[in-house]
Amino acid sequence: MSIAVAISVHDGVVLAADSASTLASGLPGMPPGVAGPAQLAVNVYNNANKIANLFKGEPIGCVAHGSGSIGNASISTLLKDFREQLMTGRETSFDRKSYTIESVSQLLSDFLAQQIQRLSSHDPKPTLGIMVAGYSAEKTPGEMRLGEVWTVGIQNGVCSPPQNMRLANPVGISWAGATESLSRLLMGFSPGLPRLLQIVTKPRPSTQDMAQLMEFLGTNLTAPVVFAPMPIQDTIDLAEWLVQTAIMYSRFSPGAPIVGGPIESAAITKHEGFKWIRRKHYFKEKFNKEVGHEQLQHGSV
């Protein structure tokens, strides 16, 4: 499991994530690929890469959560394979002068679906999500553009159409993965509340009544911590703090610490493009040519 955060303000979009990757095994008698309580954490690795720039030189990035691989290929490697297709022109549907974040999300969804189709019948079917964020290509000079956040979802190997996570309001926080801690903190209640209300409320509320109640609670309990004029540095601090909060919640909760490891973050702005803020390296920085240019140093609500 993992935690993935995307915060949108008028100056840009900030992505942040932990680095935990959980190796899970099903209980005896359970079919492969079953997610949830039926799986046991065999090991937790704390060096997974979940954030990627999807086209170097363009303001397009993403952050992944959920299954860390499709078959034997890690999601981080697959994202780089997808980037290579875009940048070398092998993906002929991509036009650098006219792309949209929605179209990039759809191309990514199609690419991942192709990888899933190559799995054998014995391979586990992945469940994961990827938040694709950034700026669509400028259509007219001086056009007013805001950052967008779309999500690509895969449930048990089945891809769903990309969804705009910030359709109602371009400013706010989107998070996914192990959401318990951030839902309690930001929305004011646990994601498990609707299920409990269905148990204790007599007669049971209808689906419509429950949806209205959740909307009412969200409207009145949501913590107001993101505002359109927030500077990017403050947005970065908030995103990293939210990931750290999820890490500590997982650490002190019963069970394996499925959220953890170093925090990574990146900022996507209209004029500066995709910039790494915090990034781990498995070799010394002096051997990494990108550090001097891409790594900046600094001290759906």
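Worth pointing out:
- Qualifying positions in the stretch 48-72 - in contact with a strand residue (DSSP E or B) (Cβ under 8 Å, 6 or more places away or on another chain) and among the polar types (S, T, N, Q): Asn49, Asn53, Ser67
- The stretch 104-114: number of residues that are closer than 10 Å to Ile154 by Cβ and surrounded by 18 or more Cβ atoms within 10 Å (Cβ to Cβ): 2
Rundown of residues vs (1) modelled with pLDDT under 95; (2) touching a helix residue (DSSP H, G or I) at 6+ places or on another chain (Cβ under 8 Å); (3) of a type outside the set (A, V, I, L, M), yes/no style:
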position: Met187; (1), (2), (3): yes, yes, no
position: Ser190; (1), (2), (3): yes, yes, yes
position: Pro194; (1), (2), (3): yes, yes, yes
position: Ile199; (1), (2), (3): yes, no, no
position: Met210; (1), (2), (3): yes, yes, no
position: Met214; (1), (2), (3): yes, yes, no
position: Asn220; (1), (2), (3): yes, no, yes
position: Ile232; (1), (2), (3): no, no, no
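- Residue selection: Leu146 satisfies the criterion of being surrounded by fewer than 19 Cβ atoms within 10 Å (Cβ to Cβ), of a type in the set (A, V, I, L, M, F, W, C) and touching a Pro at 6+ places or on another chain (Cβ under 7 Å).
- Within the stretch 123-136, residues that are in a strand (DSSP E or B) reach partners that are acidic (Asp, Glu) and surrounded by fewer than 19 Cβ atoms within 10 Å (Cβ to Cβ) with beta carbons closer than 9 Å, at six or more positions or on different chains, in the pairs Val132/Glu102.
- Any hit, the stretch 25-38, residues being crowded, with 17+ Cβ neighbours inside 10 Å, out of contact with any helix residue (DSSP H, G or I) (no Cβ under 9 Å at 6 or more places or on another chain) and either modelled with pLDDT of 95 or more or in a strand (DSSP E or B) (or both): no
- Set Gly147, Gly153: member being farther than 18 Å from Ala239 by Cβ, of a type outside the set (Lys, Arg) and either in contact with a Gly (Cβ under 7 Å, 6 or more places away or on another chain) or not assigned by TED's automatic domain parsing to the domain that holds Arg96 (or both): Gly153
- Boolean, Pro170 is surrounded by fewer than 21 Cβ atoms within 10 Å (Cβ to Cβ), over 13 Å from the mean Cα position of the chain (by Cα), in a loop (DSSP other than H, G, I, E, B) and not hydroxyl-bearing (Ser, Thr, Tyr): yes
- Test: Leu146 is more than 30 Å from Gln114 (Cα to Cα) and not in a loop (DSSP other than H, G, I, E, B): no
- Listed conditions (1) buried (at least 17 other Cβ atoms within 10 Å of the Cβ); (2) over 16 Å from the mean Cα position of the chain (by Cα); (3) within 24 Å of Asn169 (Cα to Cα) are all met by Lys125, apart from (3).
- Matching residues in the stretch 54-67 - criterion: being outside any strand (DSSP E or B) and either over 15 Å from Ala113 (Cα atoms) or acidic (Asp, Glu) (or both): Leu54, Phe55, Lys56, Gly57, Glu58, Pro59
The values are calculated or read from the model by the stated rules, or taken from the named source; none is laboratory data. This structure is a prediction, so every number in the text was calculated from the model and none was measured. In this analysis, Cβ positions are derived from the backbone assuming ideal geometry, glycine residues included, and neighbour counts consider all displayed protein chains.
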